[in-house]
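Enquirer: This is the structure I have questions about; it appears just below.
The values are calculated or read from the model by the stated rules, or taken from the named source; none is laboratory data. Every value quoted in this text rests on a predicted model; they were computed, and no experiment measured them. Because the Cβ atoms are built from the backbone with ideal geometry, glycine has one as well, and the counts that use them run over all protein chains shown. The area values use the complete protein model at the heavy-atom level, side chains included, leaving out ligands, DNA and RNA. Shrake-Rupley method; radii C 1.70, N 1.55, O 1.52, S 1.80 Å.
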Amino acid sequence: MAYADDILITARKKQSLMDTFQLLTNNSLEVGLTINKKKTKYIKCSKKDIKIENLNMRSSYIEQVKQYKYLGSIINDTNSIQEEVKERIALGIKAYYANLKFFKSRFVTKGSKLKLFRTVIRPIVTCASETWVLKENIIQKLQVFERKILTGISGPMKENQTWRIKNNEELDKLIQHENIVNYIKAKRLSWLAIHKECMKPGQLRRYLNGIP
C-alpha cells in the first residue's frame, strides 16, 4: 500500500517481508530513488508477547518497533486503537481551544458554532475511524469528549430561576441525534459501500460485526 512516498508492506511471513522489501529497494534504485533507512521500521502484530528482533538484511538494518504512525494513524503490534483514539481526542480538544473565542462569542449564533464543530472538530477526531472497532470503552470516551464540547457550545440554561448545564438527552437533541458514534457508524457504511466488491464474504462479515 502506498500514498505518495509513504509505503506500507504487509506480509504473513518474515521471509516474504524481507523479499518484498529487497525487491522494492532494487526497483527504486533503477529509477534513481533510495529508501530512507532511518525512517524505515517494521512491526509484528500478534496477540502473544512479542520478542523484539530487528531485521538484518544484506543492505539494510530495519528496527522493530511496537508502534508507529502511518498517514496520521497510530498502528501498534496488538491492533489496539486505544492510543489512536486518545490522540485523536487530544487533537480535537486542541482544535476546540484554538477556536475558543469563536465558540464563546455572543456575536456568533449557536448554529454557526455547531457547524464549526461538525466541519472542523469532529472530522479531526474521527479521521480514519472507518477501521475502528467501537468497543464500549471507546464509545464512552468519544461520548464524554463530545458532551464536553457541546456543553461549552450550548452554555447553561435557566430552569426555575436556577442555572444548570444541559443533560445528555438535551445535548443529543441539540445535534438532532447525530452524535459522534452514529457519525462513525455512518462513515463505516459509506466506506463499505465503496469497498464491498473487493472484500471476501468472510471479511465482509467480520467488518459488519466490528471484528478487527
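Enquirer: Take the range 152-163 and flag every residue that is among the β-branched types (Val, Ile, Thr) and either buried (at least 16 other Cβ atoms within 10 Å of the Cβ) or within 23 Å of Ala95 (Cβ to Cβ) (or both).
Expert: Within the range 152-163, Ile153 is the sole residue that qualifies.
Enquirer: Can you find a residue in the range 187-207 that is within 30 Å of Lys104 (Cβ to Cβ), modelled with pLDDT of 85 or more and touching a Leu at 6+ places or on another chain (Cβ under 8 Å)?
Expert: Looking through the range 187-207, none of the residues is within 30 Å of Lys104 (Cβ to Cβ), modelled with pLDDT of 85 or more and touching a Leu at 6+ places or on another chain (Cβ under 8 Å).
Enquirer: Only residues that are open to solvent by less than 50 Å² (accessible area, probe 1.4 Å) and part of a loop (DSSP other than H, G, I, E, B): list them for the range 55-69, please.
Expert: Met57, Ser60, Val65, listed by residue number.
Enquirer: Oh, and also: In the range 164-178, is there at least one residue being modelled with pLDDT under 85 and open to solvent by less than 40 Å² (accessible area, probe 1.4 Å)?
Expert: Within the range 164-178, none of the residues are modelled with pLDDT under 85 and open to solvent by less than 40 Å² (accessible area, probe 1.4 Å).
Enquirer: Could you look through the range 100-130, keep only residues that are under 22 Å from Tyr183 (Cα atoms) and outside any helix (DSSP H, G or I), and pick out the one that is modelled with the lowest pLDDT?
Expert: Here the residue is Ala128.
Enquirer: What number of residues within the range 20-36 are outside any loop (DSSP other than H, G, I, E, B) and open to solvent by 60 Å² or more (accessible area, probe 1.4 Å)?
Expert: Looking only at that region, the number is 6.
Enquirer: With open to solvent by less than 50 Å² (accessible area, probe 1.4 Å), closer than 23 Å to Leu150 by Cβ and among the aliphatic types (A, V, I, L, M) as the only criterion, which of Leu17, Leu114, Leu8 stands out?
Expert: That would be Leu114, the only listed residue that is open to solvent by less than 50 Å² (accessible area, probe 1.4 Å), closer than 23 Å to Leu150 by Cβ and among the aliphatic types (A, V, I, L, M).
Enquirer: So which of Lys39, Lys51, Lys44 ends up being over 30 Å from Leu150 (Cβ atoms), in contact with a strand residue (DSSP E or B) (Cβ under 8 Å, 6 or more places away or on another chain) and open to solvent by 90 Å² or more (accessible area, probe 1.4 Å)?
Expert: None of the others qualify; the one that does is Lys44.
Enquirer: Looking at Leu142, Leu134, which one is part of a loop (DSSP other than H, G, I, E, B), touching a residue at least 12 places away in the same chain (Cβ under 8 Å) and not hydroxyl-bearing (Ser, Thr, Tyr)?
Expert: Every option except Leu134 fails the conditions.
Enquirer: Any idea which of Arg147, Arg88 is open to solvent by less than 30 Å² (accessible area, probe 1.4 Å), among the charged types (D, E, K, R), in contact (Cβ under 8 Å) with a residue 12 or more places away in the chain and closer than 20 Å to Asn179 by Cβ?
Expert: From the options Arg147, Arg88, the qualifying one is Arg88.
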